[in-house]
Amino acid sequence: MGRQNITDDLPSLLDILPPDIAEVIKNFDRDDEFLEVILDLGRVPTARFLDGEYVLRDQEVTEEDIELIVLQIGEFDADNRAGIERTLHRISGIRNRRGDVVGLTCRVGRAVFGTIDIIKDLVESGRSILILGKPGVGKTTMLREAARVLAESKRVVIVDTSNEIGGDGDVAHPAIGKARRMQVPTPSLQHEVMIEAVENHNPEVIIIDEIGRELETQAARTIAERGVQLIGTAHGVTLDNLLLNPTLSDLVGGIESVTLSDEEARRRGTQKTVLERRAPSTFEVLIELQDRNTLHIHPDIMQSVDLLLRGVELQPEIRRRGGNGEIIIEEAKITPQRKGKGNNRQASQSTDYRPRRGNNGTPVASPEQPHPAPAEVSVKRQSASGTRRNIRVYPYGIARNRLIEAARQFGLQIQVVDNLNEADVLLTLKNFYRHRPRLIEDAEQSGLPIYVLRSNTVTQIEDFLVDFFELEVTNRDNPLEQAIRETEEAIQTVLNGAASIDLAPQKASIRRQQHELVRQANLLSHSYGKEPVRHLRVYRE
């Protein structure tokens with residue numbers, strides 16, 4: 001593997017600095033290690049290199065020094081960043097209470113050709129990649145090179161919030177190759193430009209720097225659901241940092257607290273309240289950028305999150321670039337957990353329901369994805385587990401007629417009761433359970449098993465019955481086929497004049513195909529809600 005080719009156009013940055021400061025920087029003769037110049041009013045100017053900070057002159061920075069630079073660069077945006085046209089350098093301002101610039105950070109922008117060789121296999125795999133790393137470690141440089149390489153064979157759109165990826169000015173820097181660049185008027189509108197890029201410019205890949213707000217995390221999930229490869233960066237250093245960030249944790253699936261039954265907690269050797277991953281991750285691969293030549297890689301984010309929440313010590317894959325440009329890879333290692341340590345809880349990806357408390361102990365296994373309502377349902381056999389067919393159910397917020405009809409189709413004798421004391425199980429909805437009404441608290445205190453459904457639909461009720469009684473059924477529609485039919489019906493309804501149609505919640509892989517169907521029909525779609533009830537809305541412009 002050859003060495004990296006670095007292009008930084010350093011003279012353009014030195015030209016805007018006071019001449020005496022620029023001359024000192026030139027004498028260092030360490031262009032490859034030069035990071036930025038710090039100019040604060042009333043302090044001596046300094047230059048930061050990879051190995052530390054150096055004073056550039058003994059005289060303090062004056063207002064004239066700062067004004068000289070400000071007059072030569074483009075206007076500062078809402079985030080107090082400016083640039084030099086057709087370069088990658090970034091000048092960030094610090095203002096006083098009157099709005100005057102009293103400090104500048106002049107960062108060197110570099111196009112490093114070859115920087116993604118170390119992760120080229122991941123970038124070209126088509127999977128969405130999230131890059132973490134402290135400021136100045138090279139995240140944006142890696143994004144820029146990824147855009148250039150992918151643009152050789154794919155449609156790539158860069159959402160350039162502060163012109164750091166494509167440079168300042170209307171003409172993008174040649175370092176992004178054939179990739180197209182969309183500039184963002186203000187940082188607060190970044191999420192809107194992300195969605196606009198998908199809806200208007202038909203990209204196969206979207207590159208986005210610094211995902212930091214909740215609206216941007218939601219936009220990122222929508223982009224990923226539409227089958228577009230997303231490569232972005234976020235604030236943080238490790239996966240642990242990301243999980244503890246309430247705004248950004250949704251990028252890796254999010255975290256929720258779950259209560260186990262007494263018996264289940266004893267069996268697992270853990271406390272009753274544990275953490276689990278709330279939803280599928282927006283990104284598929286996580287890269288922790290330790291320094292310019294060392295990366296820690298989680299090739300399966302969801303697996304890494306699940307293991308961390310279970311208390312498993314995870315050593316990610318480590319990739320290093322040697323002195324001669326060779327790439328050294330150390331495989332990931334997993335240290336088994338000890339009894340009683342960590343959550344001991346494997347997070348579900350798309351659980352339809354789960355028992356919260358009860359004297360039966362073991363939770364019912366939930367399907368990986370919801371089953372659609374059957375056109376013809378035939379019970380093949382009942383498991384030999386001995387689960388009795390006649391149970392007394394207290395439905396709280398559940399449509400009784402749907403429950404009775406679903407049980408009848410399966411040949412089950414379900415007795416719907418009005419008195420909680422007569423019930424064998426309590427069946428309710430997720431939103432009811434979260435609000436903790438008195439009836440649910442009474443059921444928990446009495447040890448009554450409680451089963452929680454996502455929504456009050458026939459599909460959810462049937463899934464509960466199938467898994468509670470451990471039935472095997474035949475002639476059930478494929479979930480994807482059911483979702484496709486529903487999408488086609490919604491498209492036709494909207495084309496016939498309806499303003500919008502909301503579809504049933506689906507897993508991310510199915511939602512991607514629903515988005516594509518809507519796009520082909522020249523309609524619009526957007527995802528709403530959080531997992532596991534995230535769904536599409538089909539509408540006109």
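The values are calculated or read from the model by the stated rules, or taken from the named source; none is laboratory data. Predicted model, so just to flag it, every value in this text is computed and none were measured. Here Cβ is always computed from backbone atoms with ideal geometry, including for glycine, and neighbour counts include all displayed protein chains.
Checked against the criterion of being surrounded by 14 or more Cβ atoms within 10 Å (Cβ to Cβ), of a type in the set (Gly, Ala, Ser), farther than 19 Å from residue 480 by Cβ and at pLDDT below 90, the stretch 520-528 contains not a single residue that satisfies it.
The single condition from (1) in contact (Cβ under 8 Å) with a residue 40 or more places away in the chain; (2) charged (D, E, K, R); (3) surrounded by 15 or more Cβ atoms within 10 Å (Cβ to Cβ); (4) closer than 25 Å to residue 135 by Cα that residue 317 fails is (1). Screening the stretch 175-244 for strands (runs of 3 or more DSSP E) wholly inside it with 1 or more residues that are under 14 Å from the mean Cα position of the chain (by Cα) and crowded, with 17+ Cβ neighbours inside 10 Å returns the ranges 205-211, 229-234.
Among the residues making up the stretch 276-316, those that are within 23 Å of residue 255 (Cβ to Cβ) and part of a strand (DSSP E or B) are 276, 277, 285, 286, 287, 288, 296, 297, 298, 313, 314, 315. I'd like the full set of residues that are more than 17 Å from residue 459 (Cβ to Cβ), assigned to a loop (DSSP other than H, G, I, E, B) and among the charged types (D, E, K, R), limited to the stretch 490-530. Across the stretch 490-530, the qualifying residue is only 530.
Got at least one residue in the stretch 142-149 being of a type in the set (Asp, Glu), touching a strand residue (DSSP E or B) at 6+ places or on another chain (Cβ under 7 Å) and assigned by TED's automatic domain parsing to the domain that holds residue 199? Checked the stretch 142-149: at least one residue is of a type in the set (Asp, Glu), touching a strand residue (DSSP E or B) at 6+ places or on another chain (Cβ under 7 Å) and assigned by TED's automatic domain parsing to the domain that holds residue 199. Those helices (runs of 4 or more DSSP H) of the stretch 391-477 in which 2 or more residues are in the same structural domain as residue 256 (by TED's automatic domain parsing) are absent.
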